[in-house]
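> Below you'll find the structure I mean.
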Amino acid sequence: MKKLLTVLVLDGVFDSSLSITLDTLRAAQAILAARGGAAQLTVRTIGAKAYISTGAGLRLKADLQFKTVKQATSDWIIIPGLGYRSDQELSTCLSHGDTVQALRWLLAAHAGNTKIAASCSAAYLLAQTGLLDGRKATTAWWLAQAFRARYPAVMLDETRILVRDGPCLTAGAALSQLDLMLAVVSDVAGESVAHLCSRYLLIDQRSSQTRYMMRDHLPHEDQTVIAAERWIDAHLAQPMTVSALASVLALSPKTLARRIEAASGISPIKFIQRRRLSQAAHLLETTTLSIEQVAARVGYQDSTALRKLIKREFGVTPSTLR
C-alpha cells in the first residue's frame, strides 16, 4: 500500500533540516524501488504560497498550498526546523499569517488521524496547536527553558533526541532531523529500509542531547538558578548535597527545588548530576585525563559510577567521547 508523506515548509526553514528530510525520503524511495513490488512512498511539499524562501535565501516551489488542500490525508506530516534560534524570533514567527494558516491545517490533519513529526524549533509549531498538551516531547536544548515556560502542559525532556507520544514525534536540535526521518521511514517502510538509509547516509544512532549541551549557553532568567549553577561548578570535586546548596543560597530545600524545577524541569539532585556529567564530558573531549582523574574532578570517587552514568545519560561509553 502506498504511503503519502507531506513536508510542511514555511519561509525561513532551516536548509539542512529540509534537505535531510527530502534526501532521506529519496533514499527510502530508491531502496523500495530496487526491491520491486514493495510499498512506495509519495512525497509532497506544502506551504502557504507557491514559492518559499529558505533561511539561506534559496527558493523552493511547493507542490501544494494550504488554501488549495482542504483535506489533509497524509500518513505523516513532517515539519523541518523553522530556522529560528531564539524564543523571541519564534514568537514573531507564530504570529505570521503564513504560520496561522499552517496551524489551522495541522489541526485539520490531526482530526484525520495523520501522524505529525517536528524537529528543533518546529516543535513550537506543533505545541502551538495544543496537540502536545499532556504529551511527552523534546526540542532544541537551548530552547528548553523558554519552551517550558510557554507550553507548561507539555511534558518536555530536552535531554532526549527523539520522543514519540501517540501521533506526535518530536526531535531535538536541527540535525536530529536525521533521527526523526529514520523513525518516520521505519514506520512507513519498515526497520530494514530505515537501517539501509542510515548505512547509505552514514547516520549514527543517538539517544541523548545531553552530551551536546553547553552549560554556558543555557539561558536562565532566575538569578537563584544562575547562582546555584555557579556554586556547583566551583565545587564539583567536593561532596555536595541539596541541603548544603540550599543553605549557601539562603533558601529552604523545598524553595530551591521549586526554583530549579521551574527553570530546568528536573530535580535539584538531577540538576547537580547534570552539571557534573557536562563537565566530565568536556574533560573527556578536551583533555587526556584518565576516566579515574575525570571522575575525581567532578565529584565521583568511583570511576565505575561515572562510566555507568555517562552510558545511561549520553548513550555512549566514555571512550567514545575521546
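> Which one is right for this structure if Cα extents along the principal axes in Å is calculated from it: [x] 61, 42, 34; [y] 58, 43, 40; [z] 71, 46, 37?
Matching the structure shown: [x].
> Against the 2.2 N^0.38 Å scaling, with N counting residues, where does the range 213-306 land? I'd like the Cα-based Rg ratio to two decimal places.
The value comes to 1.09.
> Want the number for residue 289 to residue 30: 0.36 nm per residue separation, take away the alpha-carbon distance, what's left?
So the extension gain works out to 88.6 nm.
> While we're here: How large is the helix-only mean residue ellipticity at 222 nm for the chain, computed as the sum of -39500 (n - 2.57) over DSSP H runs with n ≥ 4, divided by its residue count, in deg cm²/dmol to the nearest 500?
Using -39500 (n - 2.57) per qualifying helix, the result is -14500 deg cm²/dmol.
> Quick check on the range 22-121: of the DSSP beta bridges with both residues there, what percent are antiparallel, nearest 5%?
Taking every DSSP beta bridge within the range 22-121, about 35 percent pair in antiparallel fashion.
> Among rounded, prolate and oblate, which fits the range 1-45 when a ≥ b ≥ c are the square roots of the eigenvalues of its C-alpha gyration tensor, a/c under 1.5 means rounded, and a/b larger than b/c means prolate?
oblate
> With the crude spin-label approximation of a point 7 Å out along Cα→Cβ, what separation in nm comes out for residue 252 versus residue 165?
Taking the simple label geometry, residue 252 and residue 165 are separated by 3.0 nm.
> Please enumerate, by chain and number, the aspartates and glutamates with C-alpha under 12 Å from the C-alpha of residue 67, excluding those fewer than 8 residues away in the same chain.
98
> Okay, next question. Taking the Cα atoms only, what angle lies between the long axis of helix 253-264 and the longest principal axis of the chain, rounded to 10 degrees?
The angle comes out at about 30 degrees.
> I've got another one for you. In the Gaussian network model of the chain, springs joining C-alpha atoms below 10 Å, which of 302, 233, 75 carries the largest mean-square fluctuation?
Taking springs between Cα atoms under 10 Å, the residue moving most is 302.
> To continue, here is another question. Working from Cα positions, state the angle (0 to 90°, nearest 10) between the long axis of helix 191-200 and the longest principal axis of the chain.
80
> For the range 1-93, just run the numbers: alpha carbon Rg, then divide by 2.2 N^0.38 Å, N being how many residues it has.
Output field value: 1.18.
> In degrees between 0 and 90, to the nearest 10, how far off the longest principal axis of the chain does helix 268-286 point, with axes built from Cα atoms?
Value to nearest ten degrees: 80.
> A follow-up question, please. Taking the Cα centre of the chain as origin, work out the dipole magnitude from +1 charges on Lys and Arg Cβ and -1 charges on Asp and Glu Cβ, in debye rounded to 20.
For this selection, approximately 440 debye.
Read the figures in this text as sums done on the coordinates, not as results from a lab. For clarity, every value in this text was computed on a predicted model and none was experimentally measured. Note that we place each Cβ from the backbone using ideal geometry, even for glycine, and neighbour counts take in every protein chain shown.
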